[in-house]
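**Q** Pasting a structure here, questions to come.
The values are calculated or read from the model by the stated rules, or taken from the named source; none is laboratory data. This is a predicted model, so every value here is computed, not measured. Just so you know, the surface numbers come from the protein's heavy atoms only, side chains and all, with ligands and any DNA or RNA stripped out. Shrake-Rupley method; radii C 1.70, N 1.55, O 1.52, S 1.80 Å.
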Amino acid sequence: MSYVFPPSPTVSVPVVGTPARFPVHRIYCVGRNYEEHAQEMGHSGREPPFFFMKPADAIVVVEAGQTATLPYPSLTRNLHHEIELVVAIGTGGRDIAVDQVLRHIYGYAVGLDMTRRDLQNDMKKQGRPWCIGKGFDHSAPIGPITPAAALPGIHQADIRLQVNGTLRQHSQIDRLIWNVAETIAQLSSAWELQAGDLIYTGTPAGVAAVVPGDTLVAEVAGLTPISLTVR
Ligand code: MN
């Protein structure tokens, strides 16, 4: 096999407790999966959540103990943070039943679904796809993945995001509208999940803008926190 130019390198995320890395296949995202966030976006919070995607190479890896750089993207004047629990799939499948989900999960990480909110809102108004608002370069920061076996309390964990030391988003994972098992069951009815898929499970209320110079610290209890400075 030869290629007309070298193929892109595999995007990968560090794993806690091993030098081996998690190779990324796809990034799925859940929209409006916390009631108070749906409400702050102008919805009742009673509609079912839904899915969109980001390209795998939108990942920004934040290594443990380091502060990564988050490049301020083009075209926007309203770059929003959305802290999210990320589920890493270790075993693929389709039409996965809720009670079978656990064996498909490799682990969990802290992620940010960065959003060009002004462009997303323009697209919503026009009934056009969200790609330009959601799927841009550097839009998917993520920290190291912790294997699921080490995280018995993850489904009740505290989730919080600070900007320059001020708390902006704070909730608990058990307030998800579709919990992790239901999200994976739903997702696997629409796409065949593969080892290496990441699922950004949705953000709680408190989304707001960041500007160059801001430092974001995102934490989910039990997981490696992430820190990024916007440049
Ligand atoms: Mn989101």
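**Q** Counting only DSSP beta bridges with both residues in the chain, tell me the antiparallel percent, nearest 5.
**A** That works out to approximately 80 percent antiparallel.
**Q** Separate question: If contacts are Cα pairs under 8 angstrom and at least 6 residues apart, what is the relative contact order of the chain in percent?
**A** Value for the chain: 31 percent.
**Q** Any chance you could check the Cα centroid distance between segment 157-192 and segment 107-138 for me, in angstrom?
**A** Their Cα centres are 16 Å away from one another.
**Q** I'd like the carbon and sulfur percentage of the solvent accessible area for segment 14-120, probe radius 1.4 Å, heavy atoms only, ligands and nucleic acids excluded.
**A** 50 percent
**Q** Give the accessible area for PHE52 in Å² (nearest 10); use a 1.4 Å probe, count only protein heavy atoms, and leave out ligands, DNA and RNA.
**A** Approximately 30 Å² of PHE52 is accessible to the 1.4 Å probe.
**Q** With every protein chain in place, what's the accessible area of LEU151 (1.4 Å probe, Å², nearest 10)?
**A** 20 Å²
**Q** Shifting gears a bit: Quickly estimate the mean residue ellipticity at 222 nm for the chain, helices only: each DSSP H run with n ≥ 4 gives -39500 (n - 2.57), and the total goes over all residues, rounded to 500.
**A** Computed mean residue ellipticity for the chain: -3500 deg cm²/dmol.
**Q** Using the Karplus curve 6.51 cos²θ - 1.76 cosθ + 1.60 with θ = phi - 60°, work out ³J(HN,Hα) for each residue of segment 98-114 in order, rounded to whole Hz, and write x for Gly and Pro.
**A** Here the 3J(HN,Hα) series is 3, 7, 10, 5, 4, 6, 8, 8, 7, x, 9, 8, 8, x, 10, 8, 5 Hz.
**Q** Can you sort PHE51, PHE22 by 1.4 Å-probe accessible area, starting with the largest?
**A** PHE51, PHE22
**Q** At 20 °C and a viscosity of 1.002 mPa s, what translational diffusion coefficient does Stokes-Einstein give for segment 71-123, taking Rh as the Kirkwood radius over Cα pairs? Give it in µm²/s as a whole number.
**A** 156 µm²/s
**Q** With a 1.4 Å probe and every protein chain left in place, work out the accessible area per residue of segment 17-230 in Å², rounded to a whole number.
**A** 43 Å²
**Q** Taking only the alpha-carbon positions of the chain and ignoring solvent, what does the Debye formula give for the base-10 log of I(q)/I(0) at q = 0.12, 0.16, 0.18 Å⁻¹?
**A** Here log10 of I(q) over I(0) equals -0.62, -1.14, -1.47.
**Q** Rounded, prolate or oblate: which fits segment 108-231, taking a ≥ b ≥ c as square roots of the Cα gyration tensor eigenvalues, rounded meaning a/c under 1.5, else prolate when a/b beats b/c?
**A** oblate
**Q** What list of ³J(HN,Hα) values in whole Hz, one per residue of segment 82-88 in order, does the Karplus curve 6.51 cos²θ - 1.76 cosθ + 1.60 (θ = phi - 60°) give from phi, with Gly and Pro shown as x?
**A** 9, 6, 8, 6, 10, 9, 9
**Q** Rounded to two decimals, what ratio of Rg to Rh does segment 173-231 give with C-alpha atoms and a Kirkwood Rh?
**A** For segment 173-231, the value is 1.05.
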